[in-house]
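Notes follow once the structure below has been shown.
Throughout, read-outs are computed from the coordinates displayed, never taken from laboratory work. Note that the coordinates shown come from a computational prediction; the quantities given were computed from them, not determined experimentally. Backbone-built Cβ (ideal geometry, glycine too); neighbour counts: all protein chains shown.
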Number of protein chains: 2
Amino acid sequence: MIDYSKLCIHTVTTKAWDIWTAIEKFDAAGIGGITVWRQALDGQDIEKVGHTIRASNIEIVSLCRGGFFPAQHLGGLDAAIADNQQAVREAAELGAPMVVLVCGAIPGQSLQKSRDQIIAGIRAVLPVAESLGVKLAIEPLHPMYADDRSAINTMESANDVCDEIDHPLVGIALDVYHVWWDPNLEREIARCAAADRLFAYHICDWKTPTTDLLNDRGLMGEGCIDLPRMRKLVEKYGFTGFHEVEIFSDHWWSREPDSFLAEIQQSWNQHC
Amino acid sequence: MIDYSKLCIHTVTTKAWDIWTAIEKFDAAGIGGITVWRQALDGQDIEKVGHTIRASNIEIVSLCRGGFFPAQHLGGLDAAIADNQQAVREAAELGAPMVVLVCGAIPGQSLQKSRDQIIAGIRAVLPVAESLGVKLAIEPLHPMYADDRSAINTMESANDVCDEIDHPLVGIALDVYHVWWDPNLEREIARCAAADRLFAYHICDWKTPTTDLLNDRGLMGEGCIDLPRMRKLVEKYGFTGFHEVEIFSDHWWSREPDSFLAEIQQSWNQHC
């Protein structure tokens, strides 16, 4: 009997299932954790979703996602702050301890200006996060997303932003897809962990060739990421949390989700 | 009359033209420099090509490209070294002062091991490079190419490799496409220039969205790269060389090359 209690799946990974089906399927498969994407909550009673997940003995790992702070006009930053405050409230309603942030970027705006707006945005969300006890996890995104998805593209940059904000509720979600290539990875994981801010660990794989920048992520084992090394690195510095499977893939999304879930479990067991 | 004497074009950018046509067209347009790709020399008398370019008052900026040292078997590294020695001899025959290196990577092999093989490979090529007076320019490639194209993905990593090799003929070709996103860019350009190893400056643009990882580069001005800032950065640290237009683009390659050349000149004049 394989223990899947440390395995967490993002609802977007099996997005063909509505939230109720995902809960039922993950529960039946013995999956220990779930990260809920906000899309999966659209039109649902969020408290009831949270209650149902907890009643199934599945742990709610995080709510995905907030962020996208940078804006060319002041009203845009205000709207992003309001949306992130709302995400924090949704996390609290759901019973999720954390909101993951894809921080945002604006093509043609300097990355430094975007980072300043991200810092201002997170600071403006913090009072709501504090009052509800919800953590904010900055996810550094691969440099190929620096144009319009995130101005924070390395663990070093995420650590720098966390240092500047300097708040115990603000930390980092490390996704191997975004950071596996970085020569400074171990140094920055150590720095992150030493500051008690390594909040989450996301897994998938990098395929060769990758045919689409957004939706061609691999299942663990399909690509070139040294997942055992990644796991050792985060565990070496004290991480004991979930392994969260977050796969955007037109290929896998076109498959029957029951068999995809079985493949996720098998590949996690074999490669992670 | 606009001065295009600092503008250089890579033959791959206008790859529909054979080398003789490219020389004639660049000359007629007043372009100051050419970087010759080895494919353009296939089956040609290399010395005659070099002579023809110089007779047209076009400067030969570099030969592209060597590299691809990493290999899973020893014979592979030996073959790569032999090919790079051959590239250096071709550069000397052509009269090019430099060979640009896309250093290589092997999916699933650790990037550190690939870097060690790259260093060993460059060292093995250096005696031939020294005897012919040809420089070797490491081009750090965007992290999205860390799987199978280069294990050197930042200016910092390229500087580290150059420090380790520590030879005046080994330097760096900076391509804005690969490094524009890097928060440490200025620091590493300064470091590179201080060591007299900023050998080349390649330009194009990063489009939003980018629909293909390899062949969807933008013409300058089509994307989000702050090209005036890039130019200021390299010039601030003493770079006075060519601006080399290297564009891989199925879109632009499908266009009529005469009008593409005119657009390159216009966009360089306007955006760079």
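Computed over neighbours whose Cβ is under 12 Å from that of residue A:44, the net charge equals -4, Lys and Arg +1, Asp and Glu -1.
Take residue A:21, move 7 Å from Cα toward the beta carbon, and the resulting point lies 5.4 nm from the same point in each other copy, nearest first. If you run the Gaussian network model on chain A, springs between alpha carbon atoms under 10 Å, then out of A:120, A:28, A:151 the most flexible one is A:28. In chain B, helices alone account for a calculated mean residue ellipticity at 222 nm of -13500 deg cm²/dmol, with every DSSP H run of four or more residues adding -39,500 (n - 2.57).
Within 10 Å of each Cβ in B:181-192, how many Cβ atoms from other chains are there, averaged over the peptide? Present the calculation step by step, with values, prior to reporting the outcome.
On the way: counts 13, 6, 11, 4, 1, 0, 0, 0, 0, 0, 0, 0.
Averaged over the peptide's residues, the number is 3.
Across all directions, the shadow cast by the convex hull of region B:87-211 built on its C-alpha atoms averages 8.1 square nanometres. Per-residue mean of foreign Cβ neighbours for B:107-116 is 3 (Cβ atoms of other chains, 10 Å radius).
In summary, the convex hull built on the alpha carbon positions of region B:19-271 has an orientation-averaged projected area of 13.1 nm².
Approximating the spin labels as points 7 Å out from Cα along Cα→Cβ, the residue A:72-to-residue A:110 distance works out to 1.8 nm.
Counted residue by residue at 0.36 nm each, then reduced by the alpha carbon distance between them, the extension gain from residue A:3 to residue A:250 reaches 86.1 nm. With the convex hull of the Cα atoms taken as the outline of region B:60-151, the averaged projected area works out to 5.3 nm². Karplus-derived 3J(HN,Hα) values for region A:209-214, using 6.51 cos²θ - 1.76 cosθ + 1.60 with θ = phi - 60°, are x, 9, 9, 8, 5, 9 Hz; glycine and proline are entered as x. Other residues with beta-carbon under 14 Å from the beta-carbon of residue A:120 carry, at +1 per Lys or Arg and -1 per Asp or Glu, a net charge of 0. Please go through the residue pairs A:6/B:207; A:113/A:236; A:25/A:236; A:207/B:113; A:15/A:232; A:207/B:236 and name each one whose alpha carbons sit more than 28 Å apart in this structure. Long pairs (Cα-Cα over 28 Å): A:6/B:207; A:113/A:236; A:25/A:236; A:15/A:232; A:207/B:236.
From the largest down, region B:180-222 spans 37, 20, 19 angstrom on the principal axes of its Cα atoms. The residue B:55 and residue B:211 beta-carbon pair, evaluated with R₀ = 41 Å, returns a calculated FRET efficiency of approximately 0.50. Sorted from closest to farthest, the other copies place their residue B:45 label points 8.7 nm away, with each point set 7 Å from Cα along Cα→Cβ.
A cut-off of 5 Å between modelled amide H atoms, ignoring neighbours fewer than 5 places along the same chain, links residue B:150 with B:104, B:105. Separation of region A:157-205 and region A:1-33 by C-alpha centroid, Å? Measuring centre to centre over Cα atoms gives 25 Å. Counting charges near residue A:147 (Lys, Arg +1; Asp, Glu -1) among other residues having Cβ under 11 Å from its Cβ returns a value of 0.
Placing a label point 7 Å from the Cα of residue B:130 along the Cα-to-Cβ direction, the distances to the matching points in the other copies come to 6.3 nm, shortest first. With both labels modelled 7 Å from their Cα along Cα-to-Cβ, the residue A:263 to residue B:232 distance reads 4.9 nm.
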